[in-house]
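The values are calculated or read from the model by the stated rules, or taken from the named source; none is laboratory data. In this text the structure is predicted, and so the values were computed from the model without any measurement. Don't worry about glycine lacking a Cβ; one is built from the backbone with ideal geometry, like all the others, and counts go over all protein chains shown.
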Amino acid sequence: MDLSGIPLYWGVIVTVILYVGIALWAVLRPKEYIYQGAPNKSRWRDLRIWAVVLAGIQILIHIVWGGK
Amino acid sequence: MEFIRGFDLAVIIIYLATIPLFGIFFKRYVHSEEDYFLAGRMLPFWVIGMSLIGTNIGAYDYVGAAGGAYRFGLAQANYEWLGAIPAMILSAMLFIPFYWRSGAYTVPEYLGKRYSTAVRTIEALLWFFFLAAVLGVFFWASGIMLNTYLGWPIGLSIFIVAAIVAIYTVTGGLAAVAMTDVVQMLVMLVGGLAVMIIGFNLTGGWAGLVNMVKPLHPQHFQLFQPLDSPDFPWLGIVLGLGLVLSPAWWCCHQAIIQRTLGAKTEWDAKASMMGAAFLKMLVPLLVVLPGFFALALCSDPTQITNPDQAFPWVMRNLLPVGLSGLVFAGFIAALLSSMDSTINSAAALFTRDIYQKFVVKNASDKHYLLLGRLITLGLVGFGILFAPITNRFPGIYRAMQELLTVFQGPTFATVLLGVAWKRANKWGALTGLVGGVFVSLGLQKIWEPMMGLPRTGMNFLYVAWWSFLAALLLNVIVSLLTKPEPLEKIRGLVYGFVLEDVSTQEALRERAEGGK
């Protein structure tokens, strides 16, 4: 099976789906699980937000430089 | 190629003399095995986060990644982005809480609680021998580096670096390792930013760099390469690196996980990995951009006949006096921070999973502390002796990847099913782990370069994927054909239980307090 003809943007699509999936999975984690052990429940300590920001930046990077 | 002298040399010597003193300071906090291997579980998330990246970036990254960027372009950054960030999020949100709650010191120890002593021991031995072998790679790299830049003999260079690392790793344990990593990370960042600013200044910013490089190397500004690319086929990057090698590194690598277990709270443990992910996104600026600068600014191709000369060329031709010393100190920092973590983790594996399990059980804390220190010292000696052997591999960076690939896929499959699937049992884990390693060895034919034969093995990215899949399938099939684990045994060690059963929290606490 010759796969060499598959365009590079498929790599970008797969990667974006991967990041969206991870961000969604992270957002759906229960609050108690995320804050377990934290001294308080400040918004900045919500690791789900950290995950979404990380995934968002990576999606942007791959859209710009992934390849066409 | 010796070109660091005078003021630069003074900066380097001051740095080399300061790091062990800084590490020795933390000896006063080490009174027990937990203090030595887990820094007394007192580390805040930002220290661990910086230490994680310090451990992750080695000197081989500077040379190898800049060389990779010189040859392949932005595709080299896949190791820092797709090959890290998703796995780090997964590690923080799924794996780390289980390791942390189980009270384990090592990843194999968790596997011992979840599956069996056999799985624990195989994993511990695989990791121990791998980390010991990697030490040889690190020591050899340090010898080559100091020989190239300072003109010091390779043997003497290895001995000096080994002595520095041994002093603070043996005395201060994980606390010294983590705190010196923070300093080393800062030195690396400052040095890397200096190279970036000077490089962009000379090329006319990012747009200027693109204009200089793109006409001759149009594919250098895309992360993905075609499927027929021998080094970065995009499917191999996504499947092998993104879905297997990278999660295996960030979720199962003892040197990585051990420092998160030193966190003062579960939140700190998780946040340390997430914070490290933000830093990780900046790493291409330190290790990939220099390759681009060499490509754009070196007009005489005879000056860079091997891509690995790209970074040395940048240092020699772009940096002013004083700054070369600082960047070189960052270079050494990268090496030391990877080396110290490897030594400390290998010592933890041997002490906890081999010595404490099979040789001397239930001895005093002082006994295990002393043994940990002796093993640490022994590992340094082994690294020095093993260093010349690593030179038989075609490239230092490649050797690292190939050694890892042999068991990374099967290890990740075993840990993943252990954490995520209640039905996975000890027989499935054992079959999957051993079978996966054999699949990996068969596909990669790692013995060929060692015996001087031409390479016929599969690209390591695909090897990782297939060995992972083989281990996963074997584990599932054998687990379904054999008896499930008793619920009491796996309570608190599998993800579903924590979310659906409040009383598991109590079980987790008891397990953690139960110790070894």
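Points to keep in mind about this one:
- Qualifying residue in the range B:193-206 (condition: within 13 Å of chain A (Cβ to nearest Cβ) and either outside any helix (DSSP H, G or I) or among the aliphatic types (A, V, I, L, M) (or both)): no
- Residue in the range A:43-62 that is surrounded by 12 or more Cβ atoms within 10 Å (Cβ to Cβ), more than 7 Å from chain B (Cβ to nearest Cβ), part of a loop (DSSP other than H, G, I, E, B) and at pLDDT 90 or above present: yes
- Test: residue in the range B:155-178 that is over 20 Å from the mean Cα position of the chain (by Cα) and outside any helix (DSSP H, G or I): no
Yes/no per residue for (1) closer than 24 Å to B:GLY275 by Cβ; (2) out of contact with any strand residue (DSSP E or B) (no Cβ under 8 Å at 6 or more places or on another chain); (3) at pLDDT 85 or above:
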{"site": "B:LEU9", "(1), (2), (3)": "no, yes, no"}
{"site": "B:GLY23", "(1), (2), (3)": "yes, yes, no"}
{"site": "B:GLU34", "(1), (2), (3)": "yes, yes, yes"}
{"site": "B:LEU52", "(1), (2), (3)": "yes, yes, yes"}
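- Subset of the range B:222-268 that is among the charged types (D, E, K, R) and within 11 Å of chain A (Cβ to nearest Cβ) - its residue that is farthest from B:THR169 (Cα to Cα): B:ASP228
- Breaking point among (1) more than 8 Å from chain B (Cβ to nearest Cβ); (2) assigned to a helix (DSSP H, G or I), for A:VAL14: (1)
- In the range A:25-36, residue farthest from the other protein chains (Cβ to nearest Cβ) [restricted to those that are crowded, with 17+ Cβ neighbours inside 10 Å and touching a helix residue (DSSP H, G or I) at 6+ places or on another chain (Cβ under 6 Å)]: A:ILE34
- Among the candidates B:ALA104, B:ALA69, residue that is surrounded by 24 or more Cβ atoms within 10 Å (Cβ to Cβ), touching a His at 6+ places or on another chain (Cβ under 9 Å), more than 21 Å from B:VAL244 (Cα to Cα) and away from chain A (no Cβ under 12 Å): B:ALA69
- Scanning the range B:25-69 for residues that are within 27 Å of B:LEU282 (Cα to Cα) and among the β-branched types (Val, Ile, Thr) yields B:VAL47, B:ILE48, B:ILE53, B:THR55, B:ILE57, B:VAL63.
- Only one entry of B:TYR79, B:TYR105, B:TYR62, B:TYR110 meets the criterion of being under 23 Å from B:ILE304 (Cα atoms), in contact with a helix residue (DSSP H, G or I) (Cβ under 9 Å, 6 or more places away or on another chain) and among the hydroxyl-bearing types (Ser, Thr, Tyr), and that entry is B:TYR62.
- Boolean, A:ILE22 is part of a helix (DSSP H, G or I) and either at the interface with chain B (Cβ under 8 Å from one of its Cβ atoms) or exposed (fewer than 12 other Cβ atoms within 10 Å of the Cβ) (or both): yes
- Evaluation of B:ALA271 against (1) among the small types (Gly, Ala, Ser); (2) in a helix (DSSP H, G or I); (3) farther than 27 Å from B:THR405 by Cα; (4) more than 14 Å from chain A (Cβ to nearest Cβ) (one fails), failing number: (4)
- Considering residues of the range B:220-268 that are assigned to a loop (DSSP other than H, G, I, E, B) and under 21 Å from the mean Cα position of the chain (by Cα) only, the residue surrounded by the fewest Cβ atoms within 10 Å (Cβ to Cβ): B:ASP231
- In this entry, B:ILE89 passes the filter for residues that are in a helix (DSSP H, G or I) and buried (at least 23 other Cβ atoms within 10 Å of the Cβ).
- Selection count, the range B:208-219, where residues are away from chain A (no Cβ under 13 Å) and not in a loop (DSSP other than H, G, I, E, B): 5
- Only one of B:GLY457, B:GLY492 that is modelled with pLDDT under 90, within 28 Å of the chain's Cα centre (by Cα), outside any helix (DSSP H, G or I) and at positive phi: B:GLY492
- Summed over the range B:74-95, the residues that are at pLDDT 90 or above and of a type in the set (Phe, Trp, Tyr) give a count of 2.
- Matching residues in the range B:284-293 - criterion: being assigned to a helix (DSSP H, G or I) and within 13 Å of another protein chain (Cβ to nearest Cβ): B:PRO284, B:LEU285, B:PHE292
- Test: B:MET50 is within 14 Å of chain A (Cβ to nearest Cβ) and in a helix (DSSP H, G or I): no
- Of all residues in the range B:80-98, those being touching an Asp or Glu at 6+ places or on another chain (Cβ under 8 Å) and away from chain A (no Cβ under 12 Å) number 0.
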